[in-house]
Structures are given as structure tokens and as C-alpha cells.
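The values are calculated or read from the model by the stated rules, or taken from the named source; none is laboratory data. Treat the numbers as computed from the prediction; the structure is a model and nothing was measured. Positions of Cβ are generated from backbone atoms using ideal geometry, with glycine treated the same way; all protein chains shown enter the neighbour counts. Please note that ligands, DNA and RNA were not included when accessible areas were found on the heavy atoms of the full protein model with its side chains. Shrake-Rupley method; radii C 1.70, N 1.55, O 1.52, S 1.80 Å.
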Amino acid sequence: PMSRALLFALVLSVPLAAQADEPWQEGRLDNGLRYVLVDAPLMTDQVLFTLVPWGLLDDGAGEAQLSHLAEHALVRSVDPAMDDLTVDGIMVQGETMALSMRLETYAPRDRWRKALGWHADWLAGDGLDAEALATLLPRERAQVRTEVDLSTRSSFTHKWALAAWNQVVRHGAGHVAVM
């Protein structure tokens, strides 16, 4: 799944230092990481997004929603004890889609470096170790089940349908349990 390029985006609430006439700056680092910088001076928070090329359609046979579980574990890796997805005033969220997962932070202006460090850890694979995974995975499996249940009751089933489709059509499963 990692054959597609990673994308990292920043939405800044202060003007870019080397701003041209456009509020967008795009580029690619030597390691292949693509970035987009957006100047949004009316925003009060620094918003950072990391798009990882691993989504529900990339899960292997018998791994329905493995990417979704990984997204939960990565978000929780910044602080396994957090309950409300906020750490030191920085909100941390994620979303697993068909072809990618989005990891995001919303940080006050004075804490953007801390949030950026979490994105760097996620990209470097430094966010999780074996001990953290052993603690996080059972709890996050329950969280994923709750998310599936709540969204299904609201008729938002498209993601779970994609996860099941991937297992049935791509991997030949006769029955799929989506968490």
C-alpha cells in the first residue's frame, strides 16, 4: 500500500515567510514526501494533515478494517490515556477512507511545533512500539466496533460496505465480519 506518495499538508494561520502571490505553496522533499502549505491568516489554529496511502481497499485477506484500526492506534499513540482526543490543547483526529487515511491536528499557534512532531513521528513510524500496541489494540478494537455501530444506526454504512467489498470481491471471502 505504501507505493503511492505520502502527502503532508499544513494550514497556517500566519502569513508564509516566503509567500508568493498565491496562498498555496507545493513541493516535494528529497525523500518523496509531498507537501502543501496554505496561508489562511483568519484561522486561529494551525491545522496539519498527513495523508497516508493505506485505506480500506488496501486491507489484505481476512484483515477487514486493519487500516481503520491502525488509524485509531496512530491517533492514540500521541497519548494512550487521552479520552477526548485532545492533548495539551491540541485536538487529534483521523479518518480512514477507501484509499488513504488522514491524520490531523488542530493546534493553537503556540503549540504547532508539538503537533508537527506527532506528524513527523507518524510518518517515520515512531509513534507506536510493541508495548504501546499491546495496550492500545484491545481498547481501540472496542472503539472501532462502537464507531461501526453508531454510524450504521445513522445509515452511514459506505465505509463498512467498502471494507466488506474488498474482502468479498478482491479476496474471495464468503462472509465478512466488519469488526
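Give me the pairs, please: first residue somewhere in segment 84-102 and free of Cβ contacts under 8 Å to residues at least 12 places away in the same chain, second residue anywhere and of a type outside the set (A, V, I, L, M), beta-carbon distance under 8 Å, and either six or more positions apart or on two chains.
Qualifying pairs under 8 Å: Leu85/Gln93; Val87/Asp79.
I need the full set of residues from segment 70-109 which are at pLDDT 90 or above, among the acidic types (Asp, Glu) and either more than 12 Å from the chain's Cα centre (by Cα) or in a strand (DSSP E or B) (or both), in order please.
Asp88, Glu95, Glu104
Out of everything in segment 65-83 that is open to solvent by 10 Å² or more (accessible area, probe 1.4 Å) and in contact (Cβ under 8 Å) with a residue 40 or more places away in the chain, what residue ends up being nearest to Asn166 (Cα to Cα)?
His72
Does Val144 satisfy being in a loop (DSSP other than H, G, I, E, B) and among the hydrophobic types (A, V, I, L, M, F, W, C)? Give the derivation first.
On the way: in a loop (DSSP other than H, G, I, E, B): no; among the hydrophobic types (A, V, I, L, M, F, W, C): yes.
No: the conditions fail for Val144.
For segment 153-173, which positions are in a helix (DSSP H, G or I) and exposed (fewer than 13 other Cβ atoms within 10 Å of the Cβ)? Can you show your working first?
Initially, segment 153-173 is screened for residues in a helix (DSSP H, G or I), giving 153, 158-170.
Selection gives Arg153, His158, Ala161, Val169.
Find all pairs meeting these conditions: Cβ atoms under 7 angstrom apart; at least six residues apart or on different chains; first residue within segment 134-145 and surrounded by 16 or more Cβ atoms within 10 Å (Cβ to Cβ); second residue of a type outside the set (Asp, Glu) and not in a helix (DSSP H, G or I).
Close Cβ pairs (under 7 Å, with a partner that is of a type outside the set (Asp, Glu) and not in a helix (DSSP H, G or I)) amount to Leu136/Pro80; Val144/Gln65; Val144/Met179.
State which residue is farthest from the chain's Cα centre (by Cα) when the search covers only segment 126-141 and only residues that are part of a helix (DSSP H, G or I) and charged (D, E, K, R).
By that ranking, first place goes to Glu131.
State which residue is farthest from the chain's Cα centre (by Cα) when the search covers only segment 110-119 and only residues that are free of Cβ contacts under 8 Å to residues at least 12 places away in the same chain and open to solvent by 50 Å² or more (accessible area, probe 1.4 Å).
Among them, the one singled out is Asp110.
Got at least one residue in segment 41-49 being charged (D, E, K, R), touching a Ser or Thr at 6+ places or on another chain (Cβ under 9 Å), more than 28 Å from Gly172 (Cα to Cα) and at pLDDT 85 or above?
yes
So Ser3 fits all but one of (1) at pLDDT 80 or above; (2) surrounded by fewer than 14 Cβ atoms within 10 Å (Cβ to Cβ); what number is the exception?
Of the numbered conditions (1) at pLDDT 80 or above; (2) surrounded by fewer than 14 Cβ atoms within 10 Å (Cβ to Cβ), the odd one out for Ser3 is (1).
When you check Leu128 against the structure, is it surrounded by 14 or more Cβ atoms within 10 Å (Cβ to Cβ), out of contact with any strand residue (DSSP E or B) (no Cβ under 9 Å at 6 or more places or on another chain) and aliphatic (A, V, I, L, M), yes or no?
yes
Being under 19 Å from Arg145 (Cα atoms), touching a His at 6+ places or on another chain (Cβ under 8 Å) and open to solvent by 60 Å² or more (accessible area, probe 1.4 Å) is true for just one of Gly94, Gly62. Which residue is that?
Answer to the check: Gly62.
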